[in-house]
Amino acid sequence: MTQIRFFARAPEKLAVAIADKWNQAFEESGYPCSSFEADEKAGEWEAAIYLPSEEAEEFRAQLANALEETVPGCQLLEESLEDTGWVEKTLEGLSPVRAGRFIVYGSHDAGIAKPNDFAIMIEAGMAFGTGHHGTTAGCLEMINAVLKRSSPKNALDLGAGTGVLAIAVALADRIPVLATDIDPVATEISTANARLNGVGSLVRSVTADGFENRAFAEHGPFDLVVANILAGPLQKMARQLAQNTAQSGSVILSGLLPHQKTRIVSAYRQQGLLFEQALYQDGWMILLFRKPG
């Protein structure tokens, strides 16, 4: 299936503001949107969102209006992307990402890791999660902090994408991790990446929409839950997520914008989870909760 990449070029702060505006508009849809440095010398960044080609016409005007409201006069650009190789082509221009003890890199940067790193090689394919997006990098930072002060026995990566977060936990603590995603392509990629990083026996990747799959009962409750999704779904699944968290377990939520903090914290407090910390990275917010023991 062909996708359309809509994008706009602007200085960093404006590009982040554009991505935030698009994320608010498409919060419930799940379309991937991000901002990133496109030209270091020119100080130019891009905000980009990827839509299926058959839906591009429907949302083109909405994207253009949101762009004009945020940065008047900024041009909405677009390009058609065929299924084959567009993610891999993008990855070739991305540098390794370091977050705490973790470093995430592609095969084009093999050998970049230092001896004490938890090095994660990711081949993205068509799944989300290369470590370069602020939500993923922020989750890695939070995982690093949680694992320094606790020793979970099992973990859940909800909305795993490429499996980078599941792999990070398995590498750092050598514990079993259930990695779930609604996309079967992501499940295949997550499985392959876990094997590539030597944790294939620890990471089980499952295609699952919600918590109805029996894998949750087989592996849970979980001492550590990481869910890098979007505010809408995270709010709706607060009760089930809390039920699948073990006593004294930690919950890391991401895919959130700063203005969504109050309603997400409220939703999870109502389920008995204690709010502990917020981390802000590249315009995104990562929240940490703990279930009382």
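Every read-out reported here was derived from the displayed coordinates using simple, explicitly stated rules and does not represent laboratory data. All values reported here derive from a predicted model rather than from experimental measurement. FYI the Cβ positions are ideal-geometry reconstructions off the backbone, even for glycines, and counts take in every protein chain you see.
In the chain, the longest principal axis of the Cα atoms and the axis of helix 184-196 are about 60 degrees apart.
The Cα atoms of the stretch 178-242 define a convex hull whose projected area, averaged across directions, is 4.6 nm². Ordering of 180-188, 97-105 by packing is 97-105, 180-188, highest average first (other Cβ atoms within 10 Å, averaged per residue).
In this structure, the amide hydrogen of Asn154, modeled 1.01 Å from its nitrogen in the peptide plane, lies closer than 5 angstrom to those of Asp223, Leu224, counting only residues at least 5 positions away or on a different chain. The antiparallel fraction among DSSP beta bridges confined to the chain stands at about 60%. Under 5 Å between amide hydrogens, built in the peptide plane, is the criterion, and for Ala38 it picks out Glu44, Trp45, Glu46 among residues at least 5 positions away or on other chains.
Computed extension gain for Thr207 through Ser248, at 0.36 nm per residue and net of the alpha carbon distance, reaches 12.0 nm.
Between their Cα atoms, which of Lys153/Lys236; Lys153/Lys291; Lys261/Lys291; Lys21/Lys236; Lys236/Lys291; Lys13/Lys291 are more than 25 Å away from each other? Violating the 25 Å Cα-Cα cut-off are Lys153/Lys236; Lys13/Lys291. Beyond 23 Å, how much of the Cα-Cα pair distribution for the chain remains, as a whole percent? So the portion of pairs separated by more than 23 Å is 54 percent. Can you give the angle from 0 to 90° between the axis of helix 12-25 and the longest principal axis of the chain, with both taken from C-alpha atoms, to the nearest 10? The answer is roughly 70 degrees.
For the listed peptides 153-161, 46-54, a ranking on the average number of other beta carbons within 10 Å per residue, highest first, reads 153-161, 46-54. The HN-Hα couplings worked out from phi for the stretch 221-234 by the Karplus form 6.51 cos²θ - 1.76 cosθ + 1.60 (θ = phi - 60°) are x, 10, 6, 9, 10, 10, 10, 10, 10, 8, 4, x, x, 5 Hz, whole numbers, x standing for Gly and Pro.
For the chain, the longest principal axis of the alpha carbon atoms and the long axis of helix 164-173 meet at an angle near 30°.
I need Cys33, Cys74 ordered by Cβ neighbour count within 10 Å, fewest first. Don't skip to the end; give the middle numbers.
On the way: Cys33 25, Cys74 17.
In order of increasing Cβ crowding within 10 Å: Cys74, Cys33.
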